[in-house]
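Step one of this worksheet: look at the structure below.
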Amino acid sequence: MDALSRAGPRRARDHLGAQCTGARAPAVPWARFSAWLECVCVVTFDLELGQALELVYPSDFRLTDKEKSSICYLSFPDSHSGCLGDTQFSFRIRQCGGQRSPWPADNRQYDSGAPVSLQREAAHYLGYVYFRQVKDSSVKRGYFQKSLVLVSRLPFVRLFQALLGLIAPEYFDKLAPCLEAVCSEIDQWPAPVPGRTLNLPVVGVVLQVHIPSRADKPESTSLKHCGHENLVPAPLVLSSVHELDLFRCFQPVLTHVQTLWELMLLGEPLLVLAPSPAVSSEMVLALTRCLQPLRFCCDYRPYFTIHDSEFKEFATRTQAPPNVVLGVTNPFLIKTLQHWPHILRIGEPKMSGGLPKQVKLKKPSRLKTLDTKPGLYTTYTAHLHRDKALLTRLLRGLRRGRPADALTALLRGHLLELTQSFVVPLEHYMAGLMPLQESITPWKTPPQMRPFHQDDFLRGLQRAGPQLTCVPKGDWLGLYRRFFKSPHFDGWYRQRRREMAHKLEALHLEAVCEADIKTWMKDKSEVEVVDLVLKLREKLVRAQSHQLPVKEEMLQRAQLHIETAIGSLPKDLQAVLCPP
């Protein structure tokens with residue numbers, strides 16, 4: 001395994017695993033591949049070693065021993081799942097050792113334009129797995145067991161599952177040469193630019209996808225069909241790169257979907273015990289996505305095993321469980337983690353009328369170690385009343401044979417309305433903390449935002465809160481009070497405060513650019529003019545590095561101001577400020 005990890009930066013290659021000679025290397029080798037994936041791994045079962053890392057592409061990608069071990073264990077279902085045939089699931093692991101290299105400019109551009117809930121993972125890797133287990137008499141153990149894993153920082157579960165569905169069966173038949181060709185094809189893909197519809201060719205198929213943008217309306221982030229008459233073959237159109245079939249994922253828990261939404265909003269620790277990694281990972285991802293457009297700020301593990309290096313951290317009883325949503329399939333973990341405040345046990349789907357049998361709310365004291373029945377084990381009391389009309393509409397849709405996409409859209413719309421109703425008052429209050437634009441003058445330090453006072457906000461809710469407009473009724477004030485103590489309030493507040501600080505910087509720079517600099521310089525000393533030049537240069541650098549909301553015209557004006565100011569100084573100072 002060690003021979004597969006890279007010891008230095010990536011090098012240009014003419015094919016995977018061989019150093020390129022002769023032709024000039026591109027500026028950033030594997031840059032296009034890296035815009036989508038970190039690496040591709042193959043994990044196999046070795047009779048002596050157990051799960052072992054067989055291949056990593058590009059072969060010089062650096063993984064630590066801990067990361068390799070985590071990928072190996074999480075790429076196979078545990079023995080309790082009994083997965084035969086092909087199955088897909090996902091996992092998430094903590095990156096060890098900090099960021100290995102600076103992110104390319106394309107990656108920063110993606111994050112600046114993408115919805116906050118779909119930005120790249122900064123400190124974690126996402127693993128998308130295609131596992132095959134079939135009988136094979138030529139193998140000593142009697143079974144062929146192998147996983148193909150795509151490791152990425154992008155939460156594009158639908159895209160990567162579709163990609164694995166195309167390349168994994170091909171790889172299991174043809175092995176390494178096929179994988180080399182696939183990675184080379186991905187290295188030709190355009191970068192994922194928010195707002196763009198892209199055609200991504202791979203193994204003779206063209207995947208057509210829309211990359212979500214902050215400018216998209218939340219209820220219409222799916223692909224807008226565009227002309228592809230000239231494409232041969234016709235593209236395989238993905239309606240979304242990231243959205244799950246929420247109705248299918250939440251079918252056994254529909255009666256408690258609002259309670260689960262509250263637990264997610266408050267960042268409560270939740271253990272999800274499912275019959276397979278596929279069900280576990282889909283449920284955990286669906287739970288973390290039900291807060292959109294809010295970013296999920298807590299930790300989450302779609303599939304987790306007892307072998308994970310962080311198991312002791314999650315299992316300790318000396319402190320409160322961490323804010324994490326943990327998906328597992330091993331029932332023994334219920335005994336180890338039974339001190340967790342909320343445990344969701346999901347069984348195999350069993351139809352009862354139109355919907356699968358719904359899990360029931362149960363007290364944690366009724367938990368058993370191995371034969372725990374399906375249910376939501378918690379003492380939590382929901383702040384909001386259940387929306388019975390939603391269940392009625394879903395049942396009616398099922399009985400009338402409405403498409404699954406329509407039922408998912410209905411459920412997603414309900415969750416989106418809940419989240420937006422909750423967030424809109426926060427956004428309105430936050431906007432009122434911004435200084436008035438007329439208070440921003442060019443030659444003075446811009447005013448600061450006022451602090452967020454929770455009591456002031458709660459008082460304002462009495463006359464303009466979600467209880468006045470949102471269908472679900474209940475204790476909205478109590479929900480806000482608990483939300484203020486959660487990681488999601490901290491994450492939302494930091495994000496909004498950073499964005500508003502950037503807006504203040506941009507408004508101040510515009511005020512400087514629109515001012516008459518020659519009039520200002522008339523009674524100023526050389527020291528003051530030099531100070532202005534340095535500050536304007538610093539503002540330009542910040543505007544470009546933080547990608548502030550400033551028009552290009554303003555940046556050009558700022559540069560003209562700098563040149564005008566330097567031109568008014570003596571030659572010796574000009575030489576210092578503009579060395580040859």
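The values are calculated or read from the model by the stated rules, or taken from the named source; none is laboratory data. Just so it is clear, the model here is predicted, and its values are computed rather than measured. Here the Cβ positions follow ideal geometry from the backbone for every residue, glycine too, while neighbour counts run over all protein chains shown. For the accessible areas, the whole protein counts, side chains as well, though only heavy atoms, and no ligand, DNA or RNA atoms are used. Shrake-Rupley method; radii C 1.70, N 1.55, O 1.52, S 1.80 Å.
Key figures
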quantity: Residue among N199, C183, S117 farthest towards the positive dipole end of the range 31-199, charges placed on Cβ; calculated: S117
quantity: Size descriptor, Kirkwood hydrodynamic radius, that averages inverse alpha-carbon separations across the range 127-184, Å; calculated: 12.5 Å
quantity: Size of charge dipole - the chain - debye, nearest 20, with Cβ of Lys, Arg +1 and Asp, Glu -1, no other charges; calculated: 1980 debye
quantity: Average accessible area per residue (Å²) across the chain - probe 1.4 Å, nucleic acids and ligands excluded; calculated: 48 Å²
quantity: Carbon and sulfur %, accessible surface of the range 516-577 computed with the full protein complex present, 1.4 Å; calculated: 54 percent
quantity: Rounded percent of accessible protein surface that carbon and sulfur make up, the range 52-200, 1.4 Å probe; calculated: 49 percent
quantity: Residues with amide H under 5 Å from that of V202, placed H, sequence gap 5 or more; calculated: L207
quantity: Correct choice for Rg/Rh (Cα atoms, Kirkwood Rh) that was computed from the model, options (1) 1.01; (2) 1.11; (3) 1.05; calculated: (1)
quantity: Cα-based radius of gyration of the range 31-199 once divided by 2.2 N^0.38 Å, which approximates compact folds; calculated: 1.06
quantity: Value at 222 nm in deg cm²/dmol, rounded to 500, when DSSP H runs of n ≥ 4 in the chain each add -39,500 (n - 2.57); calculated: -12000 deg cm²/dmol
quantity: Cα centre as origin, Lys/Arg/Asp/Glu Cβ charges: the range 246-388 dipole, Debye; calculated: 560 debye
quantity: Of all accessible heavy-atom area on the range 262-402, the percent that carbon and sulfur account for (1.4 Å); calculated: 52 percent
quantity: Angle between the chain longest axis and helix 526-545 axis [Cα atoms, degrees, rounded to 10]; calculated: 20 degrees
quantity: Amide H within-cut-off set for G327, under 5 Å, with H built and near neighbours excluded; calculated: V272, R301, Y303, F304
